[in-house]
Amino acid sequence: MVPRILSTGRYIPERCVSNDELSARLDTSDEWIFSHTGIKTRYLAADNETTSSLALRAAQAALERAGKAPGEVDLILVATGSPDYPGFPSCASIVQEQLGCSQAAAMDVVAACSGFVYAVETARSFLVSGAARLVLVIGSEVFSRILDWSDRATCILFGDGAGAVLLGTDEGLPPNGDFRRSLLMSDGSGAETLTSRQAHSPYLFMNGRRVYNFAIKIVPELVGKILSENGLALDDLRWIVPHQANARIIESTAKGLGIPLNRFYMNIARYANTSGASIPIALDEMNEKGLLKRGDWVLLVGFGAGLTAGVNLFRW
């Protein structure tokens, strides 16, 4: 069985918050935020919206586009660092019930901004082993609930949203397949670098400089390694779809790899950092715009809290 992405979907909350709106209550400006992060706007969940409700909408879009019924799904994976409940039940279980996937197992994948990449590899493994035939992989975040909106260093960076992909198998592909084994890593010595909550505070904490240094070092290493292991070169890649953490990180990564920035898909200016949701949101935008062509080599790149990082390599 050869895994393939069958469809994509996304859901973005209605409320758009501009840099100018934040500047009205923080000591900052549109120019400062954009020049340091590449962000212009972000979207925030409504009071009656949750991580699971955003995930549900994105999953519904992916199923509809694939022409698949909820009852056909074998497994639901939700990558999130901002679940409805701090512990259990999982967001995936809530989505499973609300979506009507009566035959599906469900679990959350907690690897923060690398969560979607981790979840995609988990889905690939289930499909290759034959343990599942149809897997929904969702990244969903409501970081607005764990931000200190008086902290200029963090609240300007994040937004809410959800993206989903439906993975299935394609028996028409060659035995080695076009969805290659991912590379995943973790450096737990950096666990305190980026945390969602601490004993003394309910808010997100981040050492931005350390995250930046980690990302610009580990991403080129992982990209080079996975391409080498698969006999590919950078020129073979049509798109690199990175976690949308900060435009400066992506720019530095492109420089480190020695490739043009336009080979990276970027939408951080519109959505800000949506953590585990950023990559699937980007994939759905690309799919909707017709940027992904059958046969294109695509590389997904995640990095963030843990500290964790990973890459998924596949042909569209």
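The length gained on full extension between Ser29 and Arg133, counted as 0.36 nm times the residue separation minus their Cα-Cα distance, comes to 32.5 nm.
Evaluated with a Cβ-only charge set (Lys, Arg +1; Asp, Glu -1), the chain carries a dipole of roughly 600 debye about its Cα centre, given to the nearest 20. For region 3-169, the convex hull spanned by the alpha carbon atoms encloses 113 Å³ per residue. Charges were assigned to the Cβ only: +1 to each Lys and Arg, -1 to each Asp and Glu. The resulting dipole of region 199-299 about its Cα centre is roughly 280 debye. For Lys289, list the lysines whose Cα falls under 25 Å from its own Cα; do not include residues on the same chain fewer than 8 positions away. Hits, sequence-local ones excluded: Lys40, Lys68. Taking every DSSP helix (H) stretch of at least 4 residues in the chain, weighting each as -39,500 (n - 2.57) and dividing the sum by the residue count yields a mean residue ellipticity at 222 nm of -10000 deg cm²/dmol.
Tell me the relative contact order for region 1-125 as a rounded percent, counting alpha carbon contacts under 8 Å between residues six or more apart. Relative CO of region 1-125 lands at 23 percent. Around the Cα centre of region 267-307, unit charges on the Cβ atoms of Lys, Arg, Asp and Glu (plus for the first two, minus for the last two) sum to a dipole of about 80 debye. In whole angstrom, region 183-315 maps to an equivalent ellipsoid with semi-axes of 26, 17, 13, each derived as √(5λ) from the alpha carbon gyration tensor and ordered largest first. Normalised by the residues of region 183-315, what does the relative contact order come to in percent, with Cα pairs under 8 Å and at least six apart? Value for region 183-315: 36 percent. Its relative contact order, with pairs defined as Cα atoms under 8 Å and 6+ residues apart, puts the chain at 26 percent. The stretch between Glu221 and Met266 holds 14.1 nm of extra length on full extension. This uses 0.36 nm per residue minus the Cα-Cα distance. Simple rule: put +1 on each Lys or Arg Cβ and -1 on each Asp or Glu Cβ in the chain, find the dipole, and look at Thr274, Ala24, Phe126; the Cα lying farthest toward the positive end is Phe126. Among bridges DSSP assigns within the chain, what percent are antiparallel (round to 5)? The antiparallel proportion sits near 70 percent.
Values in this text are rule-based calculations from the coordinates and carry no lab data. What you see is a predicted model; the values in this text were computed from it and never measured. So basically every Cβ, Gly included, is an ideal-geometry build from the backbone, and we count neighbours across all protein chains shown.
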